[in-house]
Amino acid sequence: MMMMEVVAAAAKLPSFQILRTNPPRRRTSLPFRTLSASLSVSASTLSEGHPSTLQSLTLGHFTRPDFPILNQEVNGSKLVYLDNAATSQKPTAVLKALQNYYEAYNSNVHRGIHFLSAKATEEYELARKKVASFINASDSREIVFTRNATEAINLVAYSWGLQNLKQDDEVILTVAEHHSAIVPWQLVAQKTGAILKYVSLNEDEVPDVNTLKKLMSTKTKLVVLHHVSNVLASVLPVEDIVLWAHDVGAIVLVDACQSVPHMVVDVQKLDADFLVASSHKMCGPTGIGFLYGKNHLLSAMPPFLGGGEMISDVFLDHSTYAEPPSRFEAGTPAIGEAIGLGAAIDYLSGIGMQKIHDYEVELANYLYEGLCTVPGIHIYGPAPSESVHRAALCSFNVENIHPTDIATILDQQHGVAIRSGHHCAQPLHRSLGVNASARASLYFYNTKEDVDNFIRALNDTVSFFNSFK
């Protein structure tokens with residue numbers, strides 16, 4: 001039976017006590033570099049209180065004008081959006097691509113010979129090619145469009161898992177996985193008799209890779225793991241783990257929702273068998289994600305859903321099925337959303353994923369340093385160092401203050417948007433000894449000033465609650 005746990009509801013007063021907090025980690029001084037002037041900057045950027053010289057402008061300053069939603073006030077304060085691990089904002093280029101589809105060539109794909117249908121089909125399939133190129137897949141037919149990463153994992157679970165997993169086969173996961181990477185395999189295990197094995201955290205609050213390696217055996221058929229943790233900000237050595245798994249004949253499914261938007265991801269270099277990601281976390285629309293699967297695996301998998309488009313021929317007593325990816329895309333797809341995802345990939349590629357990653361690593365260090373100054377705070381995951389690069393997010397708790405209380409005051413009094421709760425990672429929070437945490441997560445359009453405003457607002461919030469002690 002699935003265990004459920006209730007997290008305290010939002011309330012201004014009184015605050016709720018967290019089960020465990022630890023003293024703040026030691027601060028380490030890490031540099032924050034500015035971006036060279038390689039992108040155009042609008043006049044509005046310079047007039048909003050930002051530095052007036054190009055030399056002092058960062059990637060965040062350059063790209064911020066492309067995101068109109070960020071230029072607003074919330075509850076009387078300028079919006080500081082730090083909930084990017086939940087969803088990213090969309091640049092004007094993506095909004096225009098969506099609008100252009102619906103205004104200029106809205107039509108169903110693959111099913112018509114008229115101009116609008118041909119144009120829609122061309123743009124839809126071009127988006128697939130853009131995804132393939134973005135993650136360096138060898139063939140665009142290895143890209144299956146889904147509603148989101150959750151559906152992509154379920155596709156693998158029901159199509160590959162039910163066909164290939166047998167009684168006592170082992171599936172290795174970590175306690176830090178998103179619910180979307182746990183629950184589908186629980187359902188499959190109940191049907192097949194497969195055994196789920198979980199890797200716990202080490203002393204640095206990171207999944208213990210040495211334990212993971214020791215768990216692998218000839219019984220291991222599948223390894224399911226995240227690339228970047230949406231809570232711990234840690235990065236797993238996926239390339240090494242894939243090699244270990246293949247050595248024992250297992251395949252690997254990588255949840256790349258928190259890596260594809262933020263760094264260069266090369267599926268051929270990783271040699272992952274399956275990889276999933278979501279459009280909405282990488283500046284694209286909601287309602288679409290994708291599954292990457294190696295050609296030979298997809299070709300051997302039965303359909304996930306039945307209906308139009310996924311068939312070759314339909315008879316009254318049986319049907320034959322199309323080749324991948326069509327086999328797994330039953331019905332009318334999210335056409336506009338796929339085109340919007342393609343526009344998002346164009347936008348990100350225009351900046352450069354390595355440039356985005358380098359900027360975010362430094363911004364992540366700046367965020368970590370700032371949070372370390374907050375009294376009574378514990379930040380989860382590894383401390384940054386020259387050899388340990390955290391992703392651009394921090395999950396944390398402050399002693400004797402519930403994270404939902406913190407998030408509520410930050411929003412209502414300061415216009416700062418963060419997330420509170422278990423972040424779809426209840427087993428991980430239980431491993432950390434808490435029910436919930438607060439999380440601030442950054443993207444390339446955030447700036448050092450955003451972090452400064454957040455830290456000031458957080459200190460003010462902590463002082464507010466501490467005044468009632």
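The values are calculated or read from the model by the stated rules, or taken from the named source; none is laboratory data. It should be emphasised that the depicted structure is a prediction, and the values quoted were computed from it without experimental measurement. Virtual Cβ from ideal backbone geometry, glycine too; neighbours counted across all protein chains shown. Just the protein is used for accessible areas: all its heavy atoms, side chains included, with ligands, DNA and RNA removed. Shrake-Rupley method; radii C 1.70, N 1.55, O 1.52, S 1.80 Å.
Considering only chymotrypsin sites (Phe, Trp or Tyr not before Pro) in DSSP loops that have at most 10 other Cβ atoms within 10 Å, the longest stretch of the chain without any of them is 1-314.
Centre-to-centre, using Cα atoms only, the range 445-461 and the range 186-212 are separated by 36 Å. The list [x] 50, 33, 24; [y] 37, 29, 20; [z] 43, 30, 20 gives values of semi-axes √(5λ) of the Cα gyration tensor in Å, and only one came from this structure; which label was calculated from it? Given [x] 50, 33, 24; [y] 37, 29, 20; [z] 43, 30, 20, the calculated one carries the label [y].
State whether the range 70-140 is rounded, prolate or oblate according to the following rule on the C-alpha gyration tensor (a ≥ b ≥ c being the square roots of its eigenvalues): a/c under 1.5 gives rounded; otherwise a/b larger than b/c gives prolate, and the remaining case gives oblate. Judged from the Cα gyration tensor, the range 70-140 comes out oblate (a/c at least 1.5, b/c at or above a/b).
Oblate is the label for the range 402-469, because the ratio a/c of its alpha-carbon gyration tensor axes (a ≥ b ≥ c) is 1.5 or higher and a/b is not greater than b/c.
Computed on the chain, with alpha-carbon pairs under 8 angstrom and 6+ residues apart, the relative contact order is 26 percent.
When a 1.4 Å probe is rolled over the protein heavy atoms, the share of accessible surface on the chain that falls to carbon and sulfur comes to 52 percent.
Using the Cβ-Cβ distance between Leu126 and Phe468 with R0 set to 45 Å, the FRET efficiency works out to roughly 0.20. Only the Cβ atoms of Lys and Arg (+1) and of Asp and Glu (-1) were treated as charged; on that basis the dipole of the range 394-460 about its Cα centre amounts to roughly 280 debye. Three semi-axes describe the equivalent ellipsoid of the range 245-313; taken as square roots of 5 times the Cα gyration tensor eigenvalues and ordered largest first, they are 23, 21, 8 Å. Applying 0.36 nm per residue to the separation of Ala322 and Thr211 and subtracting their alpha-carbon distance, the gain on full extension is 35.8 nm. Residues whose amide H lies under 5 Å from that of Leu393, counting only those 5 or more places away or on a different chain, are Leu442; hydrogens are built 1.01 Å from N in the peptide plane.
From its DSSP helices (H runs of at least four residues, each -39,500 (n - 2.57)), the chain gives a residue-normalised ellipticity at 222 nm of -10000 deg cm²/dmol. Sequence-distant contacts, meaning Cα pairs under 8 Å at least 6 residues apart, place the relative contact order of the range 314-469 at 22 percent.
Legend: residue pairs Lys130/Lys355; Lys129/Lys219; Lys90/Lys130, Cα-Cα distance threshold 25 Å; pairs beyond threshold, Lys129/Lys219.
For the range 174-286, a crude dipole built from +1 on the beta carbon of Lys and Arg and -1 on the beta carbon of Asp and Glu, taken about the Cα centre, is about 460 debye to the nearest 20. Probing with 1.4 Å while keeping every protein chain in the model, the per residue accessible area of the range 422-463 equals 26 Å². Would you mind estimating how fast the range 139-279 diffuses translationally, via Stokes-Einstein at 4 °C and 1.567 mPa s with the Kirkwood radius over Cα pairs, in µm²/s? For these conditions, the coefficient is 86 µm²/s. Counting only Cβ charges, +1 for Lys and Arg and -1 for Asp and Glu, the dipole size of the chain around its Cα centre is about 540 debye.
Less than 19 Å from a label point 7 Å out along the Cα-to-Cβ axis of Asp266: which backbone N atoms in the range 116-141 qualify, by residue? Output list for this probe position: 130-140.
3J(HN,Hα) along the range 250-263: 9, 10, 10, 10, 10, 7, 9, 4, 9, 10, 3, x, 10, 7 Hz, from the Karplus curve 6.51 cos²θ - 1.76 cosθ + 1.60 with θ = phi - 60°, whole Hz, x for Gly and Pro.
Checking every one of the trypsin sites (Lys or Arg not before Pro) in the range 77-112 against DSSP loop status and a limit of 15 other Cβ atoms within 10 Å picks out Arg111. Prolate is the label for the range 322-469. Its Cα gyration tensor axes, ordered a ≥ b ≥ c, give a/c of at least 1.5 and a/b above b/c.
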